[in-house]
1. Do we have residue 7 as part of a loop (DSSP other than H, G, I, E, B) and out of contact with any helix residue (DSSP H, G or I) (no Cβ under 7 Å at 6 or more places or on another chain) here?
2. For region 14-39, which residues satisfy the criterion of being surrounded by 13 or more Cβ atoms within 10 Å (Cβ to Cβ), under 9 Å from the mean Cα position of the chain (by Cα) and not in a strand (DSSP E or B)?
3. When region 51-65 is examined, which residues are found to be surrounded by 15 or more Cβ atoms within 10 Å (Cβ to Cβ) and within 13 Å of the chain's Cα centre (by Cα)?
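Please treat every number below as a calculation from the coordinates, not as lab data. Because the structure is a prediction, the values reported are computed rather than measured. Glycine also receives a Cβ, built like all others from the backbone with ideal geometry; neighbour counts cover every protein chain displayed.
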């Protein structure tokens, strides 16, 4: 497999969707993650809460309007 699904967030940490990471051609088993992505799958959306990346994990947060 030369690509894997990773999870993208914006500059403020809000979940944006899925994208693909490429396999590292120089280091077998390593992945080249695009900026603003993580391999950790976000939690399922719940009533009026959206996943937000907070440095090392996802957190379900009510967006400020």
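1. Details: part of a loop (DSSP other than H, G, I, E, B): no; out of contact with any helix residue (DSSP H, G or I) (no Cβ under 7 Å at 6 or more places or on another chain): yes.
No.
2. The answer is 36, and nothing else.
3. Across region 51-65, the qualifying residues are 51, 52, 53, 58.
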